[in-house]
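Below: one structure, written as structure tokens.
The values are calculated or read from the model by the stated rules, or taken from the named source; none is laboratory data. Computed from a predicted structure; not experimentally measured. Glycine gets a Cβ as well: all are built from the backbone with ideal geometry, and neighbour counts include every protein chain shown. Accessible surface is based on the protein model in full, side chains and every heavy atom, while ligands, DNA and RNA are left aside. Shrake-Rupley method; radii C 1.70, N 1.55, O 1.52, S 1.80 Å.
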Amino acid sequence: MNVNIEPTWQQVLQEEFDKPYFEQLTTFVRQEYAAGTCYPPGRLIFNAFNLCPFNKVKVVLIGQDPYHGPGQAHGLCFSVNDGVQFPPSLRNIFKEINDDLGVEIPFSGNLTRWAQQGVLLLNATLTVRAHQAGSHQGKGWEQFTDAVIRILNERCNNLVFILWGSYAQKKGAIVDRSRHLVLTSVHPSPLSAHAGFFGNHHFSKANAYLQQNGVDAIEW
């Protein structure tokens, strides 16, 4: 398969790209994008990987599905384009960063700056049909992103995996806690944020772990 993805990821994921399920997934995604509006734009499907090369990953943050409204999704979990109103979960993420680290809440919900520092903002499913949440689930993306997590777990050391909510925690269950820091809490959604997301101090804990292992902290 000819996938337009950053070279270090191309190398470690080539085996996945060559598997029959990925060929079937590619056919499905192409048909969906040809038939109607899907998100993110095609050129940004692998944006999380292109902004954060494999050998630069420090933190892995796992989301579930891209935003399915106009102009929101750009290939990074929880992130929205400049000028787009903050979705509720992202607003709560910024509130926790403010409480945890004293960092002012930014004007933009675009998390590209995190990705460029080594935060892999990985959705479990990388595409979605407009206005239809979960419409591309069960088509192969989950198998692909499971492979991404497995490869990071096996080939890297001292990464931080941030797993918010039961879905992300189940997906990250394979991570070796003796080699990596795994931070878990409820999801930042308004439905659950007050039940343990606020006050989890994941951002300061992640930075402390990175620095203890000789890695530069993230400017959240």
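Cross-link reach is defined here as a Cα-Cα straight distance under 22 Å, omitting same-chain residues fewer than 8 places apart; for Lys95 the lysines meeting it are Lys205. Phi angles of the stretch 166-180 translate, via the Karplus equation with coefficients 6.51, -1.76, 1.60 and θ = phi - 60°, into HN-Hα couplings of 5, 4, 5, 5, 5, 5, x, 5, 6, 5, 7, 5, 7, 10, 9 Hz per residue; Gly and Pro are given as x. Under 5 Å between amide hydrogens, built in the peptide plane, is the criterion, and for Gln64 it picks out Ala124 among residues at least 5 positions away or on other chains. Does the stretch 89-220 come out rounded, prolate or oblate by the C-alpha gyration tensor, with a ≥ b ≥ c the root eigenvalues, rounded set by a/c under 1.5 and, if not, prolate when a/b is larger than b/c and oblate if not? Oblate, because a/c is 1.5 or more while a/b does not exceed b/c. Neighbours of Tyr33, meaning other residues whose beta-carbon lies under 15 angstrom from its beta-carbon, give a summed charge of +3 when Lys and Arg score +1 and Asp and Glu score -1. Translational diffusion coefficient of the stretch 5-87 (Stokes-Einstein, Kirkwood radius from Cα pairs, 37 °C, 0.692 mPa s): 230 µm²/s. Figure note: Thr184, Thr125, Thr8 ranked by solvent-accessible area, largest first, 1.4 Å probe, ligands and nucleic acids not counted: Thr184, Thr8, Thr125. Computing FRET efficiency as 1/(1 + (r/R0)^6) for His131 and Ser178, where r is the C-beta to C-beta distance and R0 is 35 Å, gives about 0.20.
Residue pairs exceeding 20 angstrom between C-alpha atoms, taken from Lys19/Lys56; Lys19/Lys58; Lys139/Lys170: Lys19/Lys56; Lys19/Lys58. Counted over the chain, the DSSP beta bridges are approximately 20% antiparallel. Computed from the Cβ-Cβ distance with R0 of 22 Å, the FRET efficiency linking Gln11 to Asp216 stands at 0.35. The calculated P(r) of the stretch 60-129, using every Cα pair and 5 Å bins from 0, goes 3, 18, 26, 29, 17, 5, 2, 0 in percent.
With every protein chain present, what is the per residue accessible area of the chain (1.4 Å probe, Å²)? That works out to 46 Å² for each residue.
Please report the base-10 log of the normalised intensity I(q)/I(0) for the stretch 20-148, using a Debye sum with one equal scatterer per alpha carbon and no solvent, at each q in 0.14, 0.17 (1/Å). Computed log10 I(q)/I(0) values: -0.61, -0.89.
Once the Cβ-Cβ distance of Asn158 and Val3 is raised to the sixth power relative to R0 = 41 Å, the FRET efficiency obtained is 0.90.
Less than 5 angstrom separates the built amide H of Val182 from those of Phe161, all sequence-distant by 5 or more or on a different chain. Checking every one of the GluC sites (Glu not before Pro) in the stretch 122-220 against DSSP loop status and a limit of 13 other Cβ atoms within 10 Å picks out Glu219. Split the accessible area of the chain by element, probe 1.4 Å, and carbon with sulfur accounts for 49%.
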